[in-house]
Amino acid sequence: MTDEVPVHRTDLLVLGVVSLLGGLLIATVTITPELSPQFFNAIFVGATLLAFFLFIPIMGLRLFIGDEDE
């Protein structure tokens, strides 16, 4: 099976926005929100984890949507 998954800019934009907002939510829940390097690091770590774990489901959804269009 050699199906290529088309990656569009909107997919990556959605992934980035969802990851950033999710990282902010994770950081807010885990530590007190304040302007500190620890808080920004927590946002970055949360966003990175979400981007890593959400990349495959978003690409799978894109493949499913691509099959529906054909």
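The values are calculated or read from the model by the stated rules, or taken from the named source; none is laboratory data. Keep in mind that what you see is a predicted model, and the values were worked out from it rather than measured. As a convention, Cβ positions derive from the backbone with ideal geometry for all residues, glycine included, and neighbour counts pool all protein chains shown.
Of note:
- Extreme residue, farthest from P57 (Cα to Cα), among residues of the range 16-41 that are surrounded by 15 or more Cβ atoms within 10 Å (Cβ to Cβ) and not aliphatic (A, V, I, L, M): F39
- Residue in the range 18-44 that is modelled with the lowest pLDDT, counting only those that are hydroxyl-bearing (S, T, Y) and outside any helix (DSSP H, G or I): T32
- Annotation: of all residues in the range 45-70 being surrounded by 11 or more Cβ atoms within 10 Å (Cβ to Cβ) and farther than 15 Å from L15 by Cβ, the one that is modelled with the lowest pLDDT is G66.
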